[in-house]
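Notes follow once the structure below has been shown.
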Amino acid sequence: MERKSQQRPLRADAERTVRAILEAAERVLSSHPAATMEQIAEAAGVARTTVHRRFTSREALVDALTAWATRQFYEAVTSAHADSAPPLVALYQVTANVLRVKISWAFAMSRTTPEDPEVARAHADVLDQCDRLFRRAREAGVLRPDTDLVWARHVYYALIHEAAQNRSDEAGEADDVDELATLVVDTLLRGIGRQGSSLSS
C-alpha cells in the first residue's frame, strides 16, 4: 500500500507533464506548423529530453495531439447528456462544449482523419448522439414536425465549423464561446430571414 501511495504523485505529475506538452504543441503548431520538438519543449517549459522521453518523434507527438483532441471532442458531446437533458438545453450545451474544443484545439482537430480508427469511432458515436438529439428536439417541438433531420444536422455542423473558423482573436474566453453557441443555435432554429417571408412574397 505504501508503494502505491508513493507512485500516485508520479503518475499525476507525468499526466500534467504530458498535458503541458500537448497544450504547448497546440499553441506552437497553430502559429508555426513546422515548429521543432525543441521549440515545443521550450513553450511547455520542459527540457527537450523530457519531450523526447514522452514522444519518440515529432510525428508521434502530433499523433498523440490529434488523439487527445479527438477524446476531448467526444467527451464534449457526451458530457452534455444529450439523451437525457431537455433537448434545447442539450443542444446549447453540446454546441458550447464542441466550440470550446474546436477553438482550443484547432490545429489538432484539423489533423484528424477519418481513416484513424479512434477518430472514426468517436465521430460515429457523436453522429448517433446528434441524430438522437435532433429526433428528440423534433418530438419536443423545438424543430418543426416536417424537419429533414439529416439536412438539419448538416446545417448544424456547418454552422459550428464556421463559428469556430471565423471567431475573433478573443473568442477563446468562456463568455465568448457561450455567445457563439447562442448564435449557432439561434441561427439553426430561427434562421436569418424575416419571419413570414417567402419566395412568393
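A short reminder: the numbers here are calculations on the coordinates, not readings from a lab. Computed from a predicted structure; not experimentally measured. Note: ideal-geometry Cβ built from the backbone for every residue, glycine included; neighbour counts use all protein chains shown.
Structure notes:
- Cα-based helix-to-principal-axis angle, 174-190 vs the chain, degrees rounded to 10: 30
- The simple Förster model, with R0 at 30 Å and r as the Cβ-Cβ distance, assigns Ala60 and Gln165 a FRET efficiency of 0.60.
- Förster-model FRET efficiency, 22 Å R0, Asp186 and Glu139, C-beta, rounded to 0.05: 0.60
- Estimated FRET transfer efficiency (Ala85, Ala158; beta-carbon r; R0 30 Å; 0.05): 0.80
- Over all pairs of different C-alpha atoms in the chain, the reciprocal of the mean inverse distance, the Kirkwood hydrodynamic radius, equals 19.0 Å.
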